[in-house]
1. I45 to T100: FRET efficiency via 1/(1 + (r/R0)^6), r the Cβ-Cβ distance, R0 30 Å, to the nearest 0.05?
2. So, in nm, how far is label D117 from label V133 when the simple model puts each one 7 Å beyond its Cα toward the Cβ?
3. Of H172, H119, which has the most accessible area with a 1.4 Å probe, and how do the rest follow in descending order?
4. Averaged per residue, what accessible surface does the range 66-152 expose to a 1.4 Å probe, in Å²?
5. Rg and Dmax in Å for the range 70-189, alpha carbons only: what are they?
6. Dividing the alpha-carbon radius of gyration of the range 1-152 by 2.2 N^0.38 Å (N being the number of residues), what value is obtained?
7. So between A20 and A75, what do we pick up on full extension, going 0.36 nm a residue minus the alpha carbon distance?
Amino acid sequence: MAGQTTHPKTGAAGLAEFRAAVESMNAASLRPEVFCEEMPAPQRIAPHSSALSADVTIDDVDLGTGRFILLHDPAGNDAWDGTFRCVIYARAEIDPELITDPMLAAVGWSWLTEPLDAHGANYRASSGTVTRVATESFGSMADEDATAQIEVRASWTPLSSDDDTPLDVGPHVEAWAELLCTAVGLPPVPDGVTAIPSRRGQRGS
C-alpha cells in the first residue's frame, strides 16, 4: 500500500473516502519497466495524504524517476476546487539535442494531458511547469558527454464520474506512469496489447 499520512480528528467519513481512493491508487496497472513503491507521504499539506515513487528502468539503467502524491481534505480546499488533489513530479533523461527545441515544453506537458484523457481520468483545475536542464562539462571533466533532462511538475483535482461513484485514482496513476515512459523514449503499447503489469515493491529480474 502507498505510504500514508492521516491527521487525527478528520472524521470517519473523510477517512473512509480517502482509504477507498488509496485502494484504487494501488490498483493501477503499470508497465513492467516501471518500478513503483510506496514512499513517505508529505505532512501538514492536507489532513490525509498518500504517496508513490517510481523509476523507469531499461537494461538495468534508471532513465526516469517520479513521484505521485494524493492529498485529501474532507472540508474542501478553494485552491483545489475540490476535496482531493493529485500532485506529480517526473524527471527523465533526454537527448541533449532536444534541449533547444522551442516546442519541448509544450510537448512535455502533452505527455501528461494526453494520457490523462486516454485513460479516462476526469479532472479539473490543472496547473504545472515543464523545465529543461542541460549540463556540459569543462576543464578536467571536458571529456564527459553533455546530458539533458526534462522535469514535469503538475497538480490537478481528480473527479468522480458522478456524485454516486467513488473516486477512482487508478487512471491518474497510470497516466503519470505513462508520462514517465514517454519521456524516456519507450514506445507506446500497441492498441489491443496488454502490457504485463509491474510488480510493486520489488525489482524485476
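The values are calculated or read from the model by the stated rules, or taken from the named source; none is laboratory data. Computed from a predicted structure; not experimentally measured. Note that we place each Cβ from the backbone using ideal geometry, even for glycine, and neighbour counts take in every protein chain shown. For accessibility, only protein heavy atoms count, side chains too; no ligands or nucleic acids. Shrake-Rupley method; radii C 1.70, N 1.55, O 1.52, S 1.80 Å.
1. Details: r = 36 Å, r/R0 = 1.20.
With R0 = 30 Å, the Cβ-Cβ based efficiency is 0.25.
2. Result: 3.0 nm between the two label points.
3. Ranked list, largest accessible area first: H119, H172.
4. About 54 Å² of surface per residue is accessible.
5. 17.3, 64
6. So the Cα radius of gyration is 1.23 times the expected 2.2 N^0.38 Å.
7. Going from the current span to full extension adds 18.1 nm.
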